Structures are given as C-alpha cells and as structure tokens.
Amino acid sequence: MDKKNIFDNINVDKINEEFIEILRDKDVRIERIVSNGQVSDEDFWYEQNENEFVLLLEGEAILQFENKDVKLKKGDFIDIKSRQRHRIKYTSLDQPTIWLAIFY
C-alpha cells in the first residue's frame, strides 16, 4: 500500500484541465481535477449517467445549472444527481482550482 498526497504534482496548465483517476471500482470512481481558468464551452452541458459528489479543495468555481449558478469556494461541496444538466461557468485564474470528484 502506497501513501500519496492529493496536492502532489499539481499541474498549472492554462490550456488543458488535468484529470487524474485516484480510484476505480465497479460502483465508484474518484478523480482529482485541476482547472486553471478553464470553463465549459458555451453550448456544452454535462449530463452524466452517474451521480457526482464534488468537493472543492482549492480555488474558486461557479457551476451553472439550468435554473441557477452555484459559487464554490475552498471546502464547499455539492452532490450532483445523475442526468442533472450542469456546466463549469468559472474557475479561478489566479490559482489552480482543485476538485475531488466522486462518481457513484
């Protein structure tokens, strides 16, 4: 069993988000996502077949849902139900936005 740290090797890339799979099982997947100002394309919506629990570890973000925006800061979390349309409206440009996403 190897010990790891969620904050090791943070990649600051203003063009591409970084997705690192931490764990995968038949019913759950955990990812660390690092955003550096990236947002969803204007006409793109996530509409996933699985639930997604998101915890913001660093930075700031705004998730846009069809009927409201949700601003997230360090420590905030949200549980997005499957098929709920959402998109990334904003992520911090000044520091990396680090997400922990649990898909179940």
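The values are calculated or read from the model by the stated rules, or taken from the named source; none is laboratory data. The structure displayed is predicted, hence computed values, not measured ones. So basically every Cβ, Gly included, is an ideal-geometry build from the backbone, and we count neighbours across all protein chains shown.
Before moving on, here are some points about what is shown:
- Counting only strands (runs of 3 or more DSSP E) that fall entirely inside the stretch 46-104 and contain at least 1 residues that are without any contact (Cβ under 8 Å) to a residue 24 or more places away in the chain and either surrounded by fewer than 15 Cβ atoms within 10 Å (Cβ to Cβ) or of a type in the set (D, E, K, R) (or both), the qualifying elements are 69-73.
- Residue 22 under 12 Å from the mean Cα position of the chain (by Cα) and within 12 Å of residue 103 (Cβ to Cβ): no
- Matching residues, the stretch 13-32, being surrounded by 10 or more Cβ atoms within 10 Å (Cβ to Cβ), assigned to a loop (DSSP other than H, G, I, E, B) and not charged (D, E, K, R): 16, 28
- Residues (farther than 15 Å from residue 18 by Cα and either under 10 Å from the mean Cα position of the chain (by Cα) or at pLDDT below 95 (or both)) located in the stretch 54-76: 54, 55, 61, 63, 66, 67
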